[in-house]
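Before any comments, here is the structure.
The values are calculated or read from the model by the stated rules, or taken from the named source; none is laboratory data. Please read all numbers here as calculations on a predicted model, not as lab measurements. Every residue, glycine among them, receives a Cβ derived from its backbone with ideal geometry; neighbour counts consider all protein chains shown. Ligands, DNA and RNA are excluded from the accessible area calculation, which covers all protein heavy atoms including side chains. Shrake-Rupley method; radii C 1.70, N 1.55, O 1.52, S 1.80 Å.
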Amino acid sequence: MDMASMFVGSSAVSVGESHDKRQLQTHLSEFNRKRQNLKSNVKEVRERISRMQSLRDDVVGELNQEKASITVIQARINAQLSVLGEFKIATHNLLSLETEAMSTMDEFLWVLLGDSC
């Protein structure tokens, strides 16, 4: 093998190694770009999750306030129903007294009229 053949052979190896290095560099750059995109996507997803958790907490807080309001309204309704029940009993008692008074008045009138006849 002469010197020219050896130079061409080593040059070919050198060119091949250079090509492999460029391919590796290209793959490494592509890998780093994808890795950076993934990091960015993960960060965005975490931010979304955080916002959703915050919104969920706000909704739960509002629901708890609504629940408390409903409890207050139920207590008011129960108090009003209690008053209505007492009013019903008082009305019934008043009607009973009125009936009794009318009966007593009728007896009194019969006694008065019966004595005068």
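Here are a few things to note about the model shown:
- Residue satisfying all of: in the range 1-27; open to solvent by less than 70 Å² (accessible area, probe 1.4 Å) and polar (S, T, N, Q); modelled with the highest pLDDT among these: S18
- Going through (1) more than 21 Å from the chain's Cα centre (by Cα); (2) at pLDDT 95 or above; (3) among the charged types (D, E, K, R) one by one, E100 falls short only on (2).
- Conditions (1) modelled with pLDDT under 95; (2) surrounded by 10 or more Cβ atoms within 10 Å (Cβ to Cβ): number failed by Q80: (1)
- Qualifying residue in the range 73-80 (condition: assigned to a helix (DSSP H, G or I) and over 29 Å from the mean Cα position of the chain (by Cα)): yes
- Qualifying position, being open to solvent by less than 90 Å² (accessible area, probe 1.4 Å), modelled with pLDDT of 95 or more and either among the basic types (K, R) or assigned to a helix (DSSP H, G or I) (or both), among E30, E86, E62: E30
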